[in-house]
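Colleague: Have a look at this one before I ask anything.
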Amino acid sequence: PTLKEHFSRYTLEKVSGTTGTSPEMIVKIAKTYGATGQNGKSGTIMYAMGTTQHTVGTQNIRTYAMLQLLLGNMGVAGGGINALRGESNVQGSTDHAILFHIIPGYLKAPRSENQTLDQYLEAWTPMSKDPKSANWWQHTPKYMVSLLKAFWGDKAKKDNEFCYQYLPKVGANYSHISLFQAMYDGLTKGLICMGQNPAVGGPNAYKERKALQKLDWLVGVDLWETETAAFWDDPDVNSKEIKTEVFMLPAAASMEKEGSIKGEFQH
């Protein structure tokens, strides 16, 4: 169906009943924002984690794009769609590939089964049979070779796989949940926790606090004592029964350091 046909079922009454917003307010909002499509005006949509991590987050953002296109708010000053990152400098962190599953350029981190460059490219280069598909990551071979040349310069040649063998290979799932599961199972001896607070920010805070009790040592690096560093002081915890030795190290705030902070915008 066409876009108009698809949305024809969404009457004012149905949208009001679904959203809990009065029909009068919906009309007011529609007229107000719709006016940004006039010549000489523009409107921007800014969103963050509430939209992205919603159960239908992808569709939410897709509708923003459609609305902005219909109003002519794309490619104009003051228009567009702007994603606001959830944490300070999270964009900078991912740009520098601090997450376990990527290397610089947002390329997939080589896995233990990707022992050769050809194996890596075959595993991580998406293929599309749709000739109209943008499929931007079809250029993965170009990006990967460019990165390897940037790392090792003239030493990176075709006959030595552009020094691909020098890259470490990920042998397991080192995501947040898997790491804390390993602590909970007693497989991890220590944790260095810098600039995050999993005791309150993790997906299962209670279980993660239990996992911290099974460590031999914990190092907390932050601006102040966090709930993670002080997990042993919880009301329902007997610190005499916990073997974890906790070390607190001071950290410098962003304004005390050189460099930049990068969310959606760089400062």
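Colleague: Under a plain spin-label model, where a point goes 7 Å from the Cα along Cα-to-Cβ, how far apart in nm are GLU113 and SER133?
Modeller: 2.0 nm
Colleague: Which longest uninterrupted range of the chain lacks any GluC sites (Glu not before Pro) assigned by DSSP to a loop state (not H, G, I, E or B) and surrounded by at most 16 other Cβ atoms within 10 Å?
Modeller: The segment 114-224 is the longest one with no such site.
Colleague: What ³J(HN,Hα) values, in whole Hz, does the Karplus curve 6.51 cos²θ - 1.76 cosθ + 1.60 give for region 137-143 when θ = phi - 60°, with x put for Gly and Pro?
Modeller: Ordered by residue, 3J(HN,Hα) equals 6, 5, 8, 3, x, 5, 5 Hz.
Colleague: Below 20 Å, Cα to Cα, which lysines can LYS207 reach? Residues fewer than 8 away in the same chain don't count.
Modeller: The qualifying lysines are LYS189, LYS240, LYS243.
Colleague: By the scheme Lys and Arg +1, Asp and Glu -1, what is the net charge of all other residues having a beta-carbon under 9 Å from that of LYS169?
Modeller: Charge balance in the 9 Å sphere: 0.
Colleague: Once each part is reduced to its C-alpha centroid, what is the distance from region 82-158 to region 227-264 in angstrom?
Modeller: 32 Å
Colleague: Within the chain, which is the longest segment containing none of the chymotrypsin sites (Phe, Trp or Tyr not before Pro) that sit in a DSSP loop and have at most 11 other Cβ atoms within 10 Å?
Modeller: Free of exposed loop sites, the longest segment is 11-223.
Colleague: A follow-up question, please. Along region 69-74, what does the Karplus equation 6.51 cos²θ - 1.76 cosθ + 1.60 (θ = phi - 60°) give for ³J(HN,Hα), rounded to whole Hz, x for Gly and Pro?
Modeller: For region 69-74, the Karplus-derived couplings read 5, 5, 8, x, 8, 9 Hz, x marking Gly and Pro.
Colleague: Starting from the Cα of SER22, step 7 Å along the direction of its Cβ; do the same at PHE100; then give the gap between the two resulting points in nm.
Modeller: In this crude label model, SER22 to PHE100 measures out at 5.2 nm.
Colleague: Considering the zone a paramagnetic label at HIS176 would reach in this model (a point 7 Å from Cα along the Cα-to-Cβ line), which residues of region 223-251 have amide N under 20 Å from it?
Modeller: 223-232
Colleague: Test of understanding: given the chain, find the longest segment containing no trypsin sites (Lys or Arg not before Pro) that are in a DSSP loop and have at most 15 other Cβ atoms within 10 Å.
Modeller: Formally, the longest exposed-site-free interval is 42-128.
Colleague: Under 8 Å for C-alpha pairs, at least 6 residues apart: give me the relative contact order for region 1-109, rounded to a whole percent.
Modeller: 19 percent
Colleague: Computed from the coordinates I sent, semi-axes √(5λ) of the Cα gyration tensor in Å equals one of (i) 40, 32, 19; (ii) 24, 21, 20; (iii) 43, 20, 16. Tell me the label.
Modeller: Only one option fits the structure, namely (i).
Colleague: Show the residues, 5+ positions off or on another chain, whose built amide H is closer than 5 Å to the amide H of VAL246.
Modeller: Under 5 Å from the amide H of VAL246: LEU218.
Colleague: Normalised by the number of residues in the chain, what is the relative contact order in percent for Cα pairs under 8 Å and 6+ residues apart?
Modeller: Worked out over the chain, it gives 13 percent.
Colleague: Identify all lysines with a Cα-Cα distance to LYS142 below 24 Å; exclude those on the same chain that are fewer than 8 residues away in sequence.
Modeller: Cα-Cα hits under 24 Å: LYS108, LYS129, LYS132, LYS155, LYS157, LYS158, LYS169.
Colleague: 5 Å is the cut-off here: which amide hydrogens, built 1.01 Å from N in the peptide plane, fall below it relative to VAL170, excluding neighbours closer than 5 in sequence?
Modeller: The list, which skips near neighbours in sequence, is ARG111, SER112.
Colleague: With springs only between Cα atoms under 10 Å apart, run a GNM on the chain and tell me which of THR58, THR125, THR11 wobbles the most.
Modeller: Highest fluctuation of the listed residues: THR11.
Colleague: Return the long-range amide H neighbours of ILE102 (sequence gap of 5 or more, or a different chain), with a cut-off of under 5 Å between placed amide H atoms.
Modeller: ALA109
Colleague: I would also like to ask the following. For THR125 and ALA150, FRET efficiency with R0 = 25 Å and r from the beta-carbon atoms, rounded to 0.05?
Modeller: 0.85
Colleague: Under 1.5 on a/c is rounded, so check that first for region 91-166, then, if it is not, pick prolate when a/b is larger than b/c and oblate when it is not; a ≥ b ≥ c are the square roots of the alpha carbon gyration tensor eigenvalues.
Modeller: oblate
Colleague: If the reach is capped at under 23 angstrom between alpha carbons, list the lysines near LYS14, excluding any in the same chain fewer than eight residues apart.
Modeller: LYS4, LYS28, LYS31
Colleague: ³J(HN,Hα) across region 29-36 via Karplus (A = 6.51, B = -1.76, C = 1.60, θ = phi - 60°), whole Hz, x for Gly/Pro?
Modeller: Going residue by residue, I get 5, 4, 5, 5, 6, x, 5, 5 Hz, with x marking Gly and Pro.
Colleague: According to a simple spin-label model (label point 7 Å from Cα along Cα-to-Cβ), what is the distance in nm between VAL200 and GLU87?
Modeller: 1.4 nm
Each reported figure results from applying straightforward, stated rules to the coordinates on display, with no laboratory input. What you see is a predicted model; the values in this text were computed from it and never measured. Glycine gets a Cβ as well: all are built from the backbone with ideal geometry, and neighbour counts include every protein chain shown.
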